[in-house]
Amino acid sequence: MSLSIRNQIAGTVTSLTSGEAMTTVKVRLEGGQDITAAITTDAVKDLGLAAGSSVKALVKATEVALATGAVDGISIRNQIAGTVVDVAAGGAMASVKVDVNGGGLTAAITKDAVEALGLAAGSSVVALIKSTEISLATV
């Protein structure tokens, strides 16, 4: 199956914490970063997820925010350090490609944000992704 989701990063499930409706799934990405996905408990069962399962973390580019450093006092659990490798800006929006050690992420942000943050190839950034915006696929 082909997907339009640009961000597909391989990893391994390290732990699961299940609730009645939702489960948090911790994943170690191939580059060594840890992320958390919040998916339905039914999805965990349907996918047969357990510690050690190989997965791909899927994130739409519109769900990736960028900061110029780590952010304190925020509910977003996933903060992944990286380096900008390319910025393609249009009239209103921009596509920012970020190398995150072992994979790449694309963020779709406004052109104004790119300018305000001074983003260019070589800029250090932190990708911010809510755990509820990460989907998982088995591989």
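Things worth noting here:
- Most mobile listed residue (L29, L58, L117) in the chain, GNM with C-alpha springs under 10 Å: L117
- Heavy-atom accessible area ranking, 1.4 Å probe, most first, across E115, E133, E20: E20, E115, E133
- Only one residue of L58, I74, S2 has its Cα farthest out toward the positive end of the dipole of the chain, where Lys and Arg carry +1 and Asp and Glu -1 on Cβ, and that residue is S2.
- Share of alpha-carbon pairs per 5 Å distance bin for the chain, given as whole %: 2, 10, 20, 22, 19, 13, 8, 5, 1, 0
- Here the chain is assigned +1 on the Cβ of each Lys and Arg and -1 on the Cβ of each Asp and Glu. Its dipole about the Cα centre then comes out at about 160 debye.
- Exceedance of the 19 Å cut-off in Cα-Cα distance is limited, within the set K56/K130; K26/K97; K56/K111, to K26/K97; K56/K111.
- Cα gyration tensor shape for the range 74-130, rounded if a/c is under 1.5, else prolate or oblate: oblate
- Extension gain for A137 to T62 (0.36 nm times residue separation, less C-alpha to C-alpha distance): 25.1 nm.
- Per residue of the chain, the DSSP helices (runs of n ≥ 4 H) give a summed -39500 (n - 2.57) that works out to -2500 deg cm²/dmol at 222 nm.
- Apportionment of accessible area to carbon and sulfur, the chain, percent (1.4 Å): 49 percent
The values are calculated or read from the model by the stated rules, or taken from the named source; none is laboratory data. Worth saying up front: this structure is predicted, and the values here are computed from it rather than measured. Note: ideal-geometry Cβ built from the backbone for every residue, glycine included; neighbour counts use all protein chains shown. For accessibility, only protein heavy atoms count, side chains too; no ligands or nucleic acids. Shrake-Rupley method; radii C 1.70, N 1.55, O 1.52, S 1.80 Å.
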